[in-house]
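A short worksheet on the structure shown next.
The values are calculated or read from the model by the stated rules, or taken from the named source; none is laboratory data. A quick note: this is a predicted structure, and the numbers were derived from the prediction, not measured. Methodologically, a virtual Cβ is constructed for each residue, glycine included, from the backbone with ideal geometry; neighbour enumeration extends over all protein chains shown.
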């Protein structure tokens, strides 16, 4: 049985590619932390996610 593949919350639909040095998944990725810590970026990511889900319907 394969291992679960963590998904990147910044690049929806993509697997976590460990693009941030030292990260072993989204839970400790500096890029994810930076986006989620910034209110405007987090809101923009949310709006993009909602729009993508609506388009998929």
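Taking residue 5 as meeting all but one of (1) assigned to a loop (DSSP other than H, G, I, E, B); (2) farther than 19 Å from residue 51 by Cβ; (3) at pLDDT 85 or above, write down the number of the exception.
That leaves (3) as the condition not met.
Out of all the residues in the range 9-29, which are surrounded by fewer than 12 Cβ atoms within 10 Å (Cβ to Cβ) and more than 12 Å from the chain's Cα centre (by Cα)?
Scanning the range 9-29 gives 21, 22, 24.
Go through (1) under 11 Å from the mean Cα position of the chain (by Cα); (2) exposed (fewer than 14 other Cβ atoms within 10 Å of the Cβ); (3) in a helix (DSSP H, G or I) for residue 32 and report which single condition fails.
Exception for residue 32: condition (2).
Testing residue 54 on (1) surrounded by 13 or more Cβ atoms within 10 Å (Cβ to Cβ); (2) at pLDDT 90 or above, one condition comes back false. Which one is that?
(1)
Suppose the filter is free of Cβ contacts under 8 Å to residues at least 40 places away in the same chain and surrounded by fewer than 12 Cβ atoms within 10 Å (Cβ to Cβ); does residue 6 pass it?
Working: free of Cβ contacts under 8 Å to residues at least 40 places away in the same chain: yes; surrounded by fewer than 12 Cβ atoms within 10 Å (Cβ to Cβ): no.
So residue 6 does not fit the description; no.
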